[in-house]
Each structure stands twice: as structure tokens, then as C-alpha cells.
Amino acid sequence: MRNTRALAAAGAAVAVLGLAAPTATAGGDHNQPSNIVALPSVIARGGQMTVTVDGCPQGGTMTSDAFRTTHLTPVRGANETSKGTATIKEDARPGSYDITVNCSGRRLTRPAAFTVIGGVRGGLGGSSSSGATPTDIAIGGGLVAAALAGGGLFWMRRRAERRY
């Protein structure tokens, strides 16, 4: 029984020290960019994307092949976090893109941080003329004539049933 209690106390002590050790070492270097998050992660050409970087307390810059070099500004109230907004180039090709950040002379690249999708090709939908063609008019006229004939027959039949 005593061995079990001693073993439980030793396990708890090891767990507490094990959880505290990474926190103690993580706070040593304040100017090391660590986490790059791009939102939205899938974006169309010409869209705006927000990039957040942890470990970048004084701000910096971010670059990618899909957008121009953009400044990162520190976020107030958030410890060591900076963010910036980038506009995707209109001529960016669809696919995955990396983001490289530079904070206080230290660089970090996140591969495949976001994906650019191609734009929708809108158009005339197969139409090549404006207005109704003679074929459209003939089809529409035939449908109107059929509706009139059917309505007339129905009306005549109902009228004939009332006499009896």
C-alpha cells in the first residue's frame, strides 16, 4: 500500500515537471517566428487573406509568389503575435503557395500555407445573339397555340356536360 502511494506521488511529480519544462524553454527566445496561419486557406485570385504569426512581437514582413511583400503589424493584447492582410494577385496560378515571414531578421517558411483557386469563367452561356431567334418565336407561338386549343376544348367539354 505504501509503495503504491509513493509511486503515485513520484508519477505526479514527474508529470508536473514534464509539463513545466517545455514552457520554461519556450519563453527563452522572444523573436523566433513559430506559427504561420493563413485564413482563408483556400482563396480566389484578387481575394484578401489574413496571416497571423506567433513569435513576432515587433512585426515584420511576409512574402509569397501569390502576393506582394506585405507588412506584419503587432497585435495589441496578444503576446508576441503579429498579423497582416495580403491581396492575392489577379494573375496568380491555381495551386498551393508557401508563405515566408521575416521577423527581426529571423525567417520562417510554411510550405503549402494556402491554395489559390481559379476564377469562375462566366459568359453568355452558349447564347450567341441578343433577342429571340425565328426558331424561338416559332416554338413559343406553337406552345401558345396548343395552350389555347387545349383550354378551348376543356371549356367546350365542361359547357356540354352542364346541359345534361
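In segment 41-102, the portion of solvent-accessible area held by carbon and sulfur atoms comes to 41 percent [1.4 Å probe, whole percent, DNA, RNA and ligands not counted]. Taking label positions 7 Å along the Cα-Cβ direction at both residue 85 and residue 138, the computed distance is 5.7 nm, reported to one decimal.
The values are calculated or read from the model by the stated rules, or taken from the named source; none is laboratory data. None of the values given here were measured: they were computed from a predicted structure. FYI the Cβ positions are ideal-geometry reconstructions off the backbone, even for glycines, and counts take in every protein chain you see. What goes into the accessible areas is simple: the full protein's heavy atoms, side chains included, and nothing from ligands, DNA or RNA. Shrake-Rupley method; radii C 1.70, N 1.55, O 1.52, S 1.80 Å.
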